[in-house]
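Heads up, the thing below is written out as structure tokens.
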Amino acid sequence: KHVYTQQEVRELLGRLDLGNRTKIGQKGSSGLSRAVSAFGVVGFVRFLEGYYIVLITKRRKMADIGGHAIYKIEDTNMIYIPNDSVRITHPDEARYLRIFQNVDLSSNFYFSYSYDLSHSLQYNLTVLRMPLETLKTETSQTRQESFDIFEDEGLSTQGGSGVFGICSKPYEKYVWNGKLLEAVKNTVHRDWLLYIIHGFCGQSKLLIYGRPIYVTLIARRSSKFAGTRFLKRGANCEGDVANEVETEQILYDASVMSFSAGSYSSYVQVRGSVPLYWSQDISTMMPKPPITLDQADPFAHVAALHFDQMLQRFGSPIIILNLVKEREKRKHERILSEELVAAVTYLNQFLPPEHAIIYIPWDMAKYTKSKLCNVLDRLNVIAESVVKKTGFFVNRPDSYCSILRPDEKWNELGGCVVSTGRLQTGVLRTNCVDCLDRTNTAQFMVGKCALAYQLYSLGLIDKPNLQFDTDAVRLFEELYEDHGDTLSLQYGGSQLVHRVKTYRKIAPWTQHSKDIMQTLSRYYSNAFS
């Protein structure tokens, strides 16, 4: 736990160097040689012999939130800790090492030294706003673990430790190296622990009349029931579901960087498999294996655990947008809808009516095929009503002009209005069967709707509406496509097949041949790799 000054570091290394030289007084052979320089420790892992240390050797800055950098891991290195002289070799060690190294840590793993990526911005900033008194009582007990992230935010305290920041416990579900850090968690200084998330992170910059606005998209993938499509479906017995990803869009005005003085806004939504016990048998080699319900669950036990988790993290209302097909010749996807409806209806008996789970079935495939209506217009109506119910997070009170000329949509907005701004309460949970293509388009539409409110609340547009063919939306759509592609590659082995363009019906003909290629590549990676 000791924190060394630069001089102490130099002295310690010098002493080690001298003590390890082969002959005293020899200049040439140094006792210490640098093996690797790294940007952080992913963790420690042990198979059949001693421990390895996993280090981040290359990183790339992906985004910046209020001056806190978010990095993507580009390369890692594993170093065996015990000296060769004490190594007892085990014949199977190499095999386990190979299996462990199959997980490519350079594929979309992210970390930040000073910002907690496992929590939402709303959570992180509410912790910051806690009254100082409660913090002082809490920090006096955890003085040792204190860790300095908001040096200039003016949270100075009495005592020798000077200024230090607040540090919350990370949210285990979205941390991917929790197991690797378990061995050292309680013995090392808090700053050594880098918690890593998996998913997506992208950032774009909008210039609105010279005001630099950063639009950031962060997706956190749950590590609890992780795995690829067909192998992981539905939920496990603890209520964690497959392909569960929390997507957060953060907007801030970069002309003021500090968290306490700047303007920040965020909106969170979730995707995840249908929370039932279900699976698809891939040994049949059919492109669409039949869906089977593996276990009867008359009291919706798994679903209950799942929605419990969600209510604890987001509050109510929990809104389910189910994009699964309703009408089919062979009953395929519909099985899931029927079970989900039954589960939600059953669970709602035990919730007070004002906190009931809201269920919206909307067969996206059917509306895409129909000539009468535009899918995205219909989705927009749903999106508006969803954002109206949950509200969004913004850390500044309404601007004076919106009090003078209130927009009627603005006044009906839900969520929780506090003196410092607004809080998002509740969350939208979108799902189709794979939670890839349809889900991403639906999430984009909801995100676009929330983006309009966010821009409005930061005083950048005069009405909370955004048109499709504007630069802001185009930029936002690109971010969402990237986000969808990345998540799709992780879970399904190919990029998105249906994009927002496909649903806008403006996709060129070449797009369809691409779609077929993507479908084939998906089928190949499911069946063979």
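Before moving on, here are some points about what is shown:
- Within region 381-406, residues that are farther than 19 Å from G459 by Cβ sit with their Cβ atoms under 7 Å from residues that are assigned to a loop (DSSP other than H, G, I, E, B) and open to solvent by 50 Å² or more (accessible area, probe 1.4 Å), at 6+ positions apart or across chains, in these pairs: K388/E412.
- Residue match in region 265-277 (condition: in contact with a helix residue (DSSP H, G or I) (Cβ under 9 Å, 6 or more places away or on another chain) and either open to solvent by 20 Å² or more (accessible area, probe 1.4 Å) or free of Cβ contacts under 8 Å to residues at least 40 places away in the same chain (or both)): yes
- Put simply, of Y80, Y4, Y51 the only residue that is open to solvent by 50 Å² or more (accessible area, probe 1.4 Å), among the hydroxyl-bearing types (S, T, Y) and in contact (Cβ under 8 Å) with a residue 24 or more places away in the chain is Y51.
- Contact annotation: no residue pair with Cβ atoms under 6 Å, 6 or more positions apart or on different chains, pairs a residue in region 345-362 that is in the same structural domain as I318 (by the TED database) with a partner that is exposed (fewer than 13 other Cβ atoms within 10 Å of the Cβ) and of a type in the set (A, V, I, L, M, F, W, C).
- In region 308-362, the qualifying residues are those that are touching a strand residue (DSSP E or B) at 6+ places or on another chain (Cβ under 8 Å) and of a type in the set (F, W, Y), and the one that is least open to solvent (accessible area, probe 1.4 Å) is W362.
- Within region 210-232, tally of residues that are assigned to a loop (DSSP other than H, G, I, E, B) and either aliphatic (A, V, I, L, M) or open to solvent by less than 10 Å² (accessible area, probe 1.4 Å) (or both): 3
- The residue that is surrounded by the most Cβ atoms within 10 Å (Cβ to Cβ), counting only those in region 401-437 that are β-branched (V, I, T) and in contact with a helix residue (DSSP H, G or I) (Cβ under 6 Å, 6 or more places away or on another chain), is T430.
- For T292, the conditions (1) part of a strand (DSSP E or B); (2) β-branched (V, I, T); (3) touching a residue at least 24 places away in the same chain (Cβ under 8 Å) all hold with the exception of (3).
Table: residues versus (1) under 20 Å from K366 (Cα atoms); (2) in the same structural domain as Y252 (by the TED database); (3) in contact with a Gly (Cβ under 8 Å, 6 or more places away or on another chain).
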| residue | (1), (2), (3) |
| --- | --- |
| T430 | yes, yes, no |
| V433 | yes, yes, no |
| R474 | no, yes, no |
| E481 | no, yes, no |
| T486 | no, yes, yes |
| D515 | yes, yes, no |
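- Residue under evaluation N440, criteria (1) touching a helix residue (DSSP H, G or I) at 6+ places or on another chain (Cβ under 9 Å); (2) farther than 18 Å from Q249 by Cβ, criterion not met: (2)
The values are calculated or read from the model by the stated rules, or taken from the named source; none is laboratory data. Just so it is clear, the structure is predicted and the values come from calculations on it, not from any experiment. As a convention, Cβ positions derive from the backbone with ideal geometry for all residues, glycine included, and neighbour counts pool all protein chains shown. Calculation scope for accessible area: heavy atoms of the full protein, side chains included, ligands and nucleic acids excluded. Shrake-Rupley method; radii C 1.70, N 1.55, O 1.52, S 1.80 Å.
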